[in-house]
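The values are calculated or read from the model by the stated rules, or taken from the named source; none is laboratory data. Remember, predicted model here, so these are calculated numbers, not experimental data. Glycine gets a Cβ as well: all are built from the backbone with ideal geometry, and neighbour counts include every protein chain shown.
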Amino acid sequence: MSGRGTADTLFDRVCDLIVVAGSNMPMNRTGLSKRWDCTQRNVSYVIGHAKRTYGVKVTSVVDEARISGYHLSSPGVLDPVAVAARHRRRRRKAKQ
């Protein structure tokens with residue numbers, strides 16, 4: 001496989017974005033780039049793709065401790081429960 005991302009990787013990252021942004025500990029662009037082992041520019045692309053393709057809306061928020069992160073405003077056409085279940089299955093499979 002080449003070093004370029006695949007459609008499957010892109011969809012996995014969109015799903016991960018929904019799970020992370022919908023959690024109590026949202027991550028910022030730097031945190032997501034480390035989590036996905038990619039550049040911050042690529043994180044911007046994933047967020048844009050999620051918005052254009054699936055209608056996902058994330059907003060940048062700053063909490064009381066002045067820590068910024070993305071918060072899920074709308075999962076768009078994707079079901080957050082199904083995305084979370086898929087996400088758990090894939091992470092469990094990757095650990096094996």
Review point. Of everything in segment 1-20 that's loosely packed, with under 12 Cβ neighbours inside 10 Å and of a type in the set (S, T, N, Q), which residue is modelled with the lowest pLDDT?
Key: 2
Practice item. Could you list, in sequence order, all residues of segment 21-44 that are exposed (fewer than 15 other Cβ atoms within 10 Å of the Cβ) and either in contact with an Asp or Glu (Cβ under 8 Å, 6 or more places away or on another chain) or in a helix (DSSP H, G or I) (or both)? Key: 30, 34, 35, 40, 41, 44
**Study point:** Flag if residue 58 is surrounded by 18 or more Cβ atoms within 10 Å (Cβ to Cβ), touching a helix residue (DSSP H, G or I) at 6+ places or on another chain (Cβ under 8 Å), of a type outside the set (Phe, Trp, Tyr) and not in a helix (DSSP H, G or I)
**Key:** yes
**Study point:** Residue, farthest from residue 68 (Cα to Cα), within segment 15-48, restricted to residues that are under 11 Å from the mean Cα position of the chain (by Cα) and among the β-branched types (Val, Ile, Thr)
**Key:** 46
Practice item. Considering only segment 61-79, state which residues are buried (at least 17 other Cβ atoms within 10 Å of the Cβ) and within 12 Å of the chain's Cα centre (by Cα). Key: 69, 70, 72, 75
Review point. Here is a list of conditions, (1) touching a Gly at 6+ places or on another chain (Cβ under 6 Å); (2) assigned to a helix (DSSP H, G or I), and residue 90 meets all of them except one; can you say which number that is?
Key: (1)
Exercise for review: Considering only segment 34-78, state which residues are farther than 17 Å from residue 15 by Cβ and among the β-branched types (Val, Ile, Thr).
Suggested key: 39, 59, 61, 62, 67
Practice item. Mind telling me which of the residues 13, 41 ends up being basic (Lys, Arg) and without any contact (Cβ under 8 Å) to a residue 24 or more places away in the chain? Key: 41
